[in-house]
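Here's the structure we're looking at; comments come further down.
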Amino acid sequence: MNIETKNRANDGFWANLASSPSTDEFLKGLWRENPVFVQVLGMCPTLAVTNTAQNGLAMGLATTFVLLMSNILISSLRNVIPKQVRIASYLLIIATFVTMVDYLIQAISVELYKALGAFISLIVVNCVILGRAEAFASKNSVWKSSLDGLGMGSGFILGLLCLGSVRELLGNGSFFGIPVFADSFQEWVIMILPPGGFFTLALWLLIFNARKQRKLAS
Amino acid sequence: MNEAQKNTTEVASSSKMLTTMVGIGVICALLIVLSFQGTLPRIEKLKAEALEKAIFNVIPGMVTKKTFRLEGNHFKEVTGKVKDAQLVHAGYDKDGKLVGVAVEASGMGFADVLRILYGYDPIKQAVVGFYVLESKETPGLGDKIEKDPAFLANFEALDAALSEDKNTLKNTVVTVKHGTKKNAWEVDGITGATISSRAIGNIMGSSTTQMVPLLYKNKDFFEEKPNQ
């Protein structure tokens, strides 16, 4: 067997992986239907806690945990929950996992809990989570729902990290708490204040949409 | 007719709805109780550690500490967890000599209640250290009360001397406009964090007015304690 056939086999594996329904379910949330940049959902935490990259990452991870666990539980109970009380049931389940995350973060670090503060409990009303429960987990198998939750969660982390790193870099002159610029760098304090969140989000949406337009045109 | 439409046309019985909701509620309650119980020891340990670190931060040169609670005009030593009480932490150097007392105080800030800890030195009759325990002040502006070195320098030797009769403070601690600090009992404010820095001045002012005369009167009591 020569190298060429080996390569072809490899190509086949990657092509298979990329086109397999499971990978597709995951990639859909991460990229094609990214909750922050494409669906523009869950804007409250996206704008409010992304003043540093670390806060963005922590919020993204907390949301992903809730998304994954609630998708799994809702999907496994999808044939038991009557349609009339489904929203109440979903909220109950989501609120439970949010409370668990709240305790977990307190147990991980006091500093982190201080930084994320009130926004942890607000994950309950993050529309990405209720949206996935209603649109996906209530109609699909547990395996597919967990992939969907992981994908959407990763997409949310990606979005929050994109915003958090730009805002921290310009507003604080650091990346994940490590100073990047020389001392002479004058911080743009507005970037870590609420208006900075809107500016940065607009910038990222511009980049994403410009890319999409160019792709459509070609 | 698709799946969703078909399902909305079937009306589930009330008892089924009720059992489902109660069932989910029980599962959820169980999960919450388990995670609460599971994380409680670690959360309390972390909180106690954070407070401990803060106490050593606000009293320079301390090696050991003892915690007391305020009861009327007197202090009583406490060990372990105490809730809802005015607590003070006395710090001693390696020879068991009192070097300062850390006091917890709180008051309204710009965004939410601010909880602070400050160190009082009865010999110097001054506030010698300051730390913000809990704050939700605006990042970049109000949170300068925790980070701004010029502001924190106010509390390295903030005058809290008592008047002749030792019952009241000679001057109440107060925040003044940035750059106009003239006296040792004034706190130099922060431009861009006016409300937050003023709130710190107010909390310090009312807490020192109440606590400092009591602490001063009981300083021999604190001093004796470790030798017993």
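The values are calculated or read from the model by the stated rules, or taken from the named source; none is laboratory data. Owing to the predicted nature of the structure, the values given are computational and were not obtained by experimental measurement. Note: ideal-geometry Cβ built from the backbone for every residue, glycine included; neighbour counts use all protein chains shown. These area figures cover heavy atoms from the full protein model, side chains too; ligands, DNA and RNA do not enter into them. Shrake-Rupley method; radii C 1.70, N 1.55, O 1.52, S 1.80 Å.
I'd like to check something: does segment B:162-180 contain any residue that is touching a helix residue (DSSP H, G or I) at 6+ places or on another chain (Cβ under 7 Å), at pLDDT below 85 and at positive phi? Checked against the condition, which is being touching a helix residue (DSSP H, G or I) at 6+ places or on another chain (Cβ under 7 Å), at pLDDT below 85 and at positive phi, segment B:162-180 yields at least one hit. The condition of being under 22 Å from A:I87 (Cα atoms), open to solvent by 20 Å² or more (accessible area, probe 1.4 Å) and either of a type in the set (G, A, S) or touching a strand residue (DSSP E or B) at 6+ places or on another chain (Cβ under 6 Å) (or both) holds for only one of A:S145, A:S154, A:S121, that being A:S121. Taking (1) assigned to a helix (DSSP H, G or I); (2) exposed (fewer than 14 other Cβ atoms within 10 Å of the Cβ) in turn, A:L169 satisfies each apart from (2). Look at (1) open to solvent by less than 20 Å² (accessible area, probe 1.4 Å); (2) closer than 21 Å to A:T23 by Cα and you find that A:K139 fails only one, number (1). Is it true that some residue in segment B:78-86 is within 14 Å of chain A (Cβ to nearest Cβ), open to solvent by 60 Å² or more (accessible area, probe 1.4 Å) and not charged (D, E, K, R)? Within segment B:78-86, not a single residue is within 14 Å of chain A (Cβ to nearest Cβ), open to solvent by 60 Å² or more (accessible area, probe 1.4 Å) and not charged (D, E, K, R). Selection of segment B:165-181 for residues being farther than 27 Å from B:L214 by Cα and hydroxyl-bearing (S, T, Y) yields only B:T180. Scan segment A:82-99 for residues that are buried (at least 21 other Cβ atoms within 10 Å of the Cβ) and touching a residue at least 12 places away in the same chain (Cβ under 8 Å) and the total you get is 6.
State whether one or more residues within segment A:125-136 are touching a Leu at 6+ places or on another chain (Cβ under 6 Å), at the interface with another protein chain (Cβ under 10 Å from one of its Cβ atoms) and either open to solvent by 10 Å² or more (accessible area, probe 1.4 Å) or over 18 Å from A:E25 (Cα atoms) (or both). Checked against the condition, which is being touching a Leu at 6+ places or on another chain (Cβ under 6 Å), at the interface with another protein chain (Cβ under 10 Å from one of its Cβ atoms) and either open to solvent by 10 Å² or more (accessible area, probe 1.4 Å) or over 18 Å from A:E25 (Cα atoms) (or both), segment A:125-136 yields no hits at all.
Looking only at segment B:158-173, which residues are out of contact with any Ser or Thr (no Cβ under 8 Å at 6 or more places or on another chain), of a type in the set (A, V, I, L, M) and surrounded by 15 or more Cβ atoms within 10 Å (Cβ to Cβ)?
B:L158
Condition check: modelled with pLDDT under 90 and within 16 Å of A:L112 (Cα to Cα). Does A:A48 satisfy that? Answer is yes for this residue. Within segment A:178-206, being outside any helix (DSSP H, G or I) and open to solvent by less than 60 Å² (accessible area, probe 1.4 Å) holds for A:F185, A:L193. Residues in segment A:30-75 that are closer than 14 Å to A:I94 by Cα and open to solvent by 50 Å² or more (accessible area, probe 1.4 Å): A:F65, A:M69, A:I72.
Taking the options B:I32, B:I55, B:I43, name whichever one is closer than 30 Å to B:K124 by Cβ and either open to solvent by less than 90 Å² (accessible area, probe 1.4 Å) or within 14 Å of chain A (Cβ to nearest Cβ) (or both).
Details: B:I32 fails: closer than 30 Å to B:K124 by Cβ; B:I43 fails: closer than 30 Å to B:K124 by Cβ.
Step by step, each of B:I32, B:I55, B:I43 is checked, and only B:I55 is closer than 30 Å to B:K124 by Cβ and either open to solvent by less than 90 Å² (accessible area, probe 1.4 Å) or within 14 Å of chain A (Cβ to nearest Cβ) (or both).
Given the condition among the aliphatic types (A, V, I, L, M), within 26 Å of A:L30 (Cβ to Cβ) and in contact with a Gly (Cβ under 7 Å, 6 or more places away or on another chain), answer yes or no: does some residue in segment A:99-119 qualify? Steps first, please.
Of segment A:99-119, the ones among the aliphatic types (A, V, I, L, M) are A:100-101, A:104-105, A:107-108, A:110, A:112, A:115-116, A:118.
Still in the list and also within 26 Å of A:L30 (Cβ to Cβ): A:100-101, A:104-105, A:108, A:112, A:115-116.
Still in the running and in contact with a Gly (Cβ under 7 Å, 6 or more places away or on another chain): none.
Within segment A:99-119 (the criterion being among the aliphatic types (A, V, I, L, M), within 26 Å of A:L30 (Cβ to Cβ) and in contact with a Gly (Cβ under 7 Å, 6 or more places away or on another chain)), the answer is no, since none of the residues qualifies.
Only residues that are basic (K, R) and within 14 Å of another protein chain (Cβ to nearest Cβ) were counted in segment B:94-151, giving 4. Selection of segment A:103-112 for residues being facing chain B (nearest Cβ under 9 Å) and either open to solvent by less than 70 Å² (accessible area, probe 1.4 Å) or at pLDDT below 80 (or both) yields A:Y103, A:Q106, A:A107, A:S109, A:V110.
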